[in-house]
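Structure record follows, encoded as structure tokens.
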Amino acid sequence: MKSTTRGTFAAVVTCVAAAVATPAVAADGIPVAVPLEGAEHALDMELPSVSGTVPLLKPGSPDGPRYVEGRLLPDRALPQLPVTSDLPSADLRTPVPRVLGDTFDHLAVGAPTSSGLRARTPGASLDGPLTAPRPDRLGLPAPKLPEVGLLAPVLQAAPGATLGLAPGL
């Protein structure tokens, strides 16, 4: 092998090894910005700036079905799936007329992702139209009314926002 071929081969192997050895970093959210610069130049005026972050959902492991004595089917036949995430963030800055003097000419509203979001999907609990086998009936089940229960979804979060006036941003 020529020395240039060996050098190229060594560089490729080094890059592949570095890529494999470096773990992928999962993003917490996707930044979103509304591009208004073109309109600012076209209209020759300052427009609001709008940006934010859309978080990615992280599913958890569901609570599986459980056996309950006296029931034919397990409890929570359709389990609830827990989901965690951050709240979406938003940042809005807009020019305002100088109402409070020359030092305050921008209004800023921010909703940071300081609070987490916890949720559970809906679930269901079912029981069939027969009881479990009963010894007093020679091991045969007895008829009964079927049971259906819906597990309500759960959503927990504590959102917050800030509002402020400031000089040019």
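Values in this text are rule-based calculations from the coordinates and carry no lab data. These numbers come from a predicted model, not from an experiment. With ideal geometry, Cβ positions are generated from the backbone for all residues, glycine too; neighbour counts draw on all protein chains shown.
Rounded to the nearest 0.05, what FRET efficiency do VAL54 and LEU165 have when you use their Cβ-Cβ distance and R0 = 25 Å?
The calculated FRET efficiency here is 0.35.
Grab the other residues whose beta carbon is less than 13 angstrom from that of GLU37, score K and R as +1, D and E as -1, and report the net.
-3
Among the trypsin sites (Lys or Arg not before Pro) in segment 56-149, which ones are in a DSSP loop with at most 14 other Cβ atoms within 10 Å of the Cβ? Mind listing them?
For trypsin sites (Lys or Arg not before Pro) across segment 56-149 that sit outside H, G, I, E and B with at most 14 neighbouring Cβ atoms in 10 Å, the list reads ARG98, LYS144.
With θ set to phi - 60° and the Karplus curve 6.51 cos²θ - 1.76 cosθ + 1.60, what are the ³J(HN,Hα) couplings of segment 37-50 in order, to the nearest whole Hz, using x for Gly and Pro?
With coefficients 6.51, -1.76 and 1.60, one gets 5, x, 5, 4, 5, 5, 8, 6, 8, 7, 10, x, 10, 10 Hz.
Using modelled backbone amide H atoms (1.01 Å from N, in-plane), which distant-in-sequence or interchain residues come within less than 5 Å of GLY60's amide H?
HN-HN under 5 Å from GLY60: VAL83, THR84.
Give the long-range amide H neighbours of VAL32: residues separated by 5 or more places, or on another chain, with amide H under 5 Å away, using H modelled in the peptide plane at 1.01 Å from N.
Residues meeting the amide H criterion: GLY52, THR53, VAL54.
In whole percent, what relative contact order does segment 63-156 give with Cα contacts below 8 Å and a gap of six or more residues? Please list the in-between numbers first.
Numbers: 187 pairs, mean separation 27.1, N = 94.
That works out to 29 percent.
At 7 Å along the Cα-to-beta-carbon direction for both LEU47 and ALA90, put a label point, then send me their distance in nm to one decimal.
Taking the two extended label points, one gets 1.8 nm.
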